[in-house]
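A.B. asks: Take a look at this one; I'll ask things after.
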Amino acid sequence: MFGTYLRRELLNRRKQTIIISIGMALAIGLVILVNSFSAGVQNAQASVLQSVYGVGTDITISQAATPPTAGATGGGQQGFAFGSGDGASTGGTTNLSQSRLTSTPTQTVFDATQLATVQAVSGVAAATGTLSLENVTFSGQIPQRGTGASGTGGTRTGGAAPSTAAPTGGADGAGGSAFNLNRFSVLGLDPSGDSVGPLSAVTLADGRLLSAADAGTDNAVLDANYATSASLATGGTIAIAGTTFTIVGTVSSSGSDSATAANVYIPLDVAQTLSTNTGKISNIYVQASSSSAVDQLQTTLKAALPTATVDTQADLAATVSGSLSTASTLVSNLGTWLSILVLAAAFLIAILFTISGVTRRTREFGTLKAIGWSNRRIVGQVAGESVVQGLIGGVIGIAVGIAGIVVVNIISPTLSGSASTAGGVGGAARRAAGAAAGGGTTPGGEGGGFGQRAAGGGGFGAAAQQAATTVTLHAPFTIEIVLIAVGLAILGGLLAGAFGGWRAARLRPAEALRSVG
Amino acid sequence: MYQLTNVTKTYNATKRKVTALDDVTLTIQDGEMVAIQGPTGGGKSTLLQMLGALDRPTSGDVTLGASMLSKLGDHKLAEIRAKEIGFVFQGFNLIPTLTAEENVETALAPLGVSGSERRTRARDALASVGLSDRFTHLPAELSGGQQQRVAIARALVKRPEVLLADEPTGSLDEETRDEIMELLEGFWREQGLTLIIVTHDTAVARRAGRRLHIKAGKVREV
Ligand SMILES: Nc1ncnc2c1ncn2[C@@H]1O[C@H](COP(=O)(O)OP(=O)(O)OP(=O)(O)O)[C@@H](O)[C@H]1O
Ligand SMILES: [Mg+2]
């Protein structure tokens, strides 16, 4: 009887069924789309993060960089100094080239013994230390002048103002000179460990990864994107701080289009020696033994390393910037509120239409009560009708949602995100783009020093860091989303049914005798 | 057997208190056919509600057989209505979305009768009111007289003790009225029902063995 009555009501009162179902369908379709879109954005964020921090990384530890004081003498440390004896002269031109490997400006190195401290903390499944470096090569050609210039050209260091000592001033002073500033990021890492850390998320594009046997050797693995842009390949060589490294392999990010954490990967011990950071690291990557204990572990690690910055993946996700973060904000704010609003409207429509339907059927329900139907049977009938209307809406809504997802995936918008922020793990997602910026640098003067202060270096660093990672948004369709939709459909139906049923339960059976017509 | 003792029913209307039944004491024997007449607003429908376990009196007692209807809870009253009481209404009160057969089946649903038995019994009941060829018609596809026949089949399919009818012929023309009355009388005679009919129509009332007149909530025998 229940089924027959329900079917007849839904079919013979089609208008009400259609209105309630369409309302629910639109709301559920929207919820599905927003949910899927949001999951897509999260995946994109995760893929940016993974490309930088590695898959199994739950927590990263760094030391916040101490901001360089204005006009710091550190400028001297970063400067390039060419003496008169430097460079090779051929055909009246002096070729100068100097390469320097230093820690990334936004990073502070710290003692590697802290890695042991981290590893000793309970709840840490694995931890590895890396040293984030930057190789800057300054090279140029200077035409030889007459007397004095080449022979007595003094050595200048530091961030000096344009030279006052140049014997020939004016625009022609540097005539025939060509200078080039080339920089790329270098990451020193434990060659044996790949379960946690930056290389845990990469795909081997060519050659091989670093292994334990590479410790102490001048072998390097390159980011595939960087290798392409710098015209390098496996089997070739790359000069880092004047040392020639053999390229044993190239890697690309598992997430499409993403750059990996650094341009070049070399064994940690070699990196420490070359950059005169013996016994130092700049980052620790931690894998927690339980994903539910990450927050607790963060607190423990903060206590163990009071001066360090301890970030969880969630903290890091908040640092992903660019249109990706705009999309994320849009989805989480506008999308969520819109879904709630439309869902509430659909529920309200369902409730009001159900109540008005019950009111219209006063005599019908009164009659059924008069011939012996219990309140429970009548409430069940009303609720059953509402739930089925909700489910019809849910099914249509799933179709609408899938259509929306398909449209999003056909459009497949690209979002850009950059995972690198000051104070965070520096050198991340960095591309060679910054190297090009070096070309525009005006030299101080012939034979003179070229100074680059730390503060000035920030300009280059920032430019490199803003080179964004592009991710194509893919809105996933998962079974959970379908379950959520079905759950919402049933919830809406039950809610409407509860109100309608409550109304029906209050009807007096004597209503059957009233109002003929 | 119905026993009403000092039954009073008052309604709290918006302006004043209405006494629809005023200290009614009455006995109706099993198998009686009773006609209830009276002016409009006299309390006929209210009396039928008391007899039909649709409502409880404000004071006094109503018993049907061993059940004290004036004291039972809603659920128990629904059960008694389902088992022992059949109703026929002036406006037929069929469920508009259900077919004739399904309308009759609604009376069997609360009794827990299985699907196939429900169907057989519903068809038998429809056949007994002369509608063997109208099983799958919707109410809107039937004439007034046919709709009332479906309603009578629905009232009788559960084989009740009592059949209560509130102006069953009030919406029908004279010819159809007589057909319906003959049908009801036939069932009353065959099945030993207690048949209580509220009517304005003296021609209908004359068929009954006993006639009651209600005016301003007071009942008197005619
Ligand atoms: N639910 C109610 N609320 C308030 N007053 C009511 C209610 N039901 C009936 N009454 C009043 O009780 C009195 C008796 O009503 P009842 O319906 O029993 O009359 P009736 O004899 O059946 O009249 P009719 O011949 O018009 O059907 C009337 O004055 C009516 O207005
Ligand atoms: Mg009446």
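Readers should treat all values here as calculations from the given coordinates under stated rules, not as data from a laboratory. Computed from a predicted structure; not experimentally measured. All Cβ positions, even for glycine, are placed from backbone atoms using ideal geometry, and neighbour counts span all protein chains on display.
A.B. asks: State, as an integer percentage, the relative contact order of chain B based on alpha-carbon contacts under 8 Å between residues 6 or more apart.
C.D. replies: Worked out over chain B, it gives 30 percent.
A.B. asks: Report, to the nearest 10°, how far helix B:174-191 tilts away from the longest principal axis of the Cα atoms in chain B, using its own Cα long axis and a range of 0 to 90°.
C.D. replies: 90 degrees
A.B. asks: For B:R211, what residues show an amide H to amide H distance below 5 Å, using hydrogens built from the backbone and excluding near sequence neighbours?
C.D. replies: B:A35, B:V222
A.B. asks: So, R0 is 60 Å and r is the distance between the beta-carbons of B:A140 and B:R220; what FRET efficiency does that work out to, to 0.05?
C.D. replies: E(calc), rounded to 0.05, equals 0.90.
A.B. asks: How do the peptides B:132-142, A:382-392 rank, highest first, by the average count of neighbouring beta carbon atoms within 10 Å per residue?
C.D. replies: A:382-392, B:132-142
A.B. asks: Let me ask something else. Could I have the simple spin-label model distance between B:S132 and B:E190, label points 7 Å from Cα toward Cβ, reported in nm to one decimal?
C.D. replies: 1.3 nm
A.B. asks: List the aspartates and glutamates whose alpha-carbon lies under 12 Å from that of A:K302, not counting same-chain residues fewer than 8 positions away?
C.D. replies: In chain and number order, the partners are A:D311.
A.B. asks: Still on this structure, please answer the following. Tell me the net charge near B:M181. Cut-off is 10 Å between Cβ atoms, B:M181 excluded, with +1 for each Lys or Arg and -1 for each Asp or Glu.
C.D. replies: -3
A.B. asks: Find out how many positive minus negative residues lie around B:R134, taking Lys and Arg as positive, Asp and Glu as negative, among other residues whose Cβ is under 10 Å from that of B:R134.
C.D. replies: Combined, the nearby Lys, Arg, Asp and Glu give -2.
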